[in-house]
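The values are calculated or read from the model by the stated rules, or taken from the named source; none is laboratory data. The structure displayed is predicted, hence computed values, not measured ones. Here the Cβ is made from the backbone with ideal geometry for all residues, glycine too, and neighbour counts use every protein chain on show.
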Amino acid sequence: MLRRLLCSVFILFHMPLLADETLPGMVAMAAPSSLYTGFTQLLDDDKTLVKEELIDLPESVQRVALYHNGDRMHRRIPKQVHLMIENKLMSRILESGRFEMIQCLECRTTQVAMRADRLEVSHVAVDNQALRSLGKHVRADAFLFWNASVQDNKFTINLHLVDSRDNKLLWLKEYSKQTTLEQEVEGFDSVNYEFMIGAWGIAAERDHLTDGSTEEVKGISVFGVRRRETTSLDDSLQYTLALEYFRNFSNTENFDVSGINLEGRIIADIPSMDDLIDTKVYMGLGQAFFNDTNALVFRFGFEFPFFSDGFIDYGVTYIPESTAKWGEVDNYQNTGKIGGSSYDLSLGLRF
């Protein structure tokens, strides 16, 4: 009778726990956006689960199953944040290409039992032998145990990779990030600044007054600073705002092409190229002011990585043909044409 009463009371007060592993009222008490954004920033950090950390592990470990071993009843982590963490862990591991991930439904099973008039809540792997049996059952070479916690604005994720055949600890790691709610809101968008130097193949011309010939110049050097932003809404898209100064450094006695260009740009990732090289495509629209005139600047091309903090842009620049004013030179007209389509080549460095 006593056992039935205790079981009834336990089921009544812990049904939400068994259903979604969250205490009643826990979501309302601990589901502010800071939890979600804090763990998102931690898991999206370039220093979290990098491939180099996993390369040196034994080659015999290929198939890995996630196993959450944290006591979430005493950690204010709601279900939606728990699932997000698990999904991002799997995504980061799959992106590394080091392991094959296994969906282990048994690893999620919670057991409730009565032991000597006491209720016990446990997972499937209650001891090392049970863990080895579970590994054989799901055909996993290893289990990646993980848990997450928050304490004094410090977000922490602990990982332990355990061999499913002999329970040997293969690798352990702790990732943490100290932050505040204000910092999370401000840092929800990732911002970088870049310096770039490049060239446009834009052509300009100037007519000779005596013999009717036309002198041309092709090629303009470009220097600029760019602000690049990545939002959490879609990390495959980036947005930039750039201020560029351009000038020609050839035939300066007859030409003086100089001005500034203010440009906005959208940069999109190309996932299908990731196996070959991390390639992005960009499209930009700017407004250039030069030689008593102004014109729109259209740019399209591809971005490739160059070392760890550098990149190379290669594409096409188009400026509608305009009439520009040149400096006074004997026997030459003071105005001429400039514009057209040409190559766009830039070398940039993030800082």
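Of the residues in region 316-324, not one is over 22 Å from Leu262 (Cβ atoms) and at pLDDT 95 or above.
Does Val329 count as β-branched (Val, Ile, Thr) and in a loop (DSSP other than H, G, I, E, B)? So Val329 passes the test. Out of all the residues in region 268-278, which are surrounded by 14 or more Cβ atoms within 10 Å (Cβ to Cβ), in contact with a Pro (Cβ under 8 Å, 6 or more places away or on another chain) and hydrophobic (A, V, I, L, M, F, W, C)? Hits for region 268-278: nothing passes. Out of Ser308, Ser342, one residue alone is surrounded by 14 or more Cβ atoms within 10 Å (Cβ to Cβ) and among the polar types (S, T, N, Q). It is Ser342. With a requirement of 1 or more residues that are assigned by TED's automatic domain parsing to the domain that holds Gly38 and at pLDDT below 80, the strands (runs of 3 or more DSSP E) lying completely within region 48-163 that satisfy it span 110-115, 118-123. Name every residue in region 279-293 that is loosely packed, with under 15 Cβ neighbours inside 10 Å and assigned to a strand (DSSP E or B), in order of residue number. If the condition is that a residue be loosely packed, with under 15 Cβ neighbours inside 10 Å and assigned to a strand (DSSP E or B), then Met283, Leu285, Gln287, Phe289 are the ones that fit. Between Arg299, Arg227, Arg265, the distinction of being touching a strand residue (DSSP E or B) at 6+ places or on another chain (Cβ under 6 Å), exposed (fewer than 14 other Cβ atoms within 10 Å of the Cβ) and not in a loop (DSSP other than H, G, I, E, B) belongs to Arg227 only. Only a single item in (1) part of a helix (DSSP H, G or I); (2) touching a helix residue (DSSP H, G or I) at 6+ places or on another chain (Cβ under 7 Å); (3) modelled with pLDDT under 80 is not met by Leu6, and it is number (2).
Tell me the residue from Lys325, Lys337 that is of a type outside the set (Gly, Ala, Ser), in contact (Cβ under 8 Å) with a residue 40 or more places away in the chain and touching a strand residue (DSSP E or B) at 6+ places or on another chain (Cβ under 8 Å), please.
Result: Lys337 is the single residue among Lys325, Lys337 that is of a type outside the set (Gly, Ala, Ser), in contact (Cβ under 8 Å) with a residue 40 or more places away in the chain and touching a strand residue (DSSP E or B) at 6+ places or on another chain (Cβ under 8 Å).
In region 305-323, the condition of being within 26 Å of Glu216 (Cα to Cα) and among the aliphatic types (A, V, I, L, M) is met by at least one residue. Taking the criterion of being in a loop (DSSP other than H, G, I, E, B) and touching a residue at least 60 places away in the same chain (Cβ under 8 Å), the residues of region 193-215 that qualify are Leu209, Thr210.
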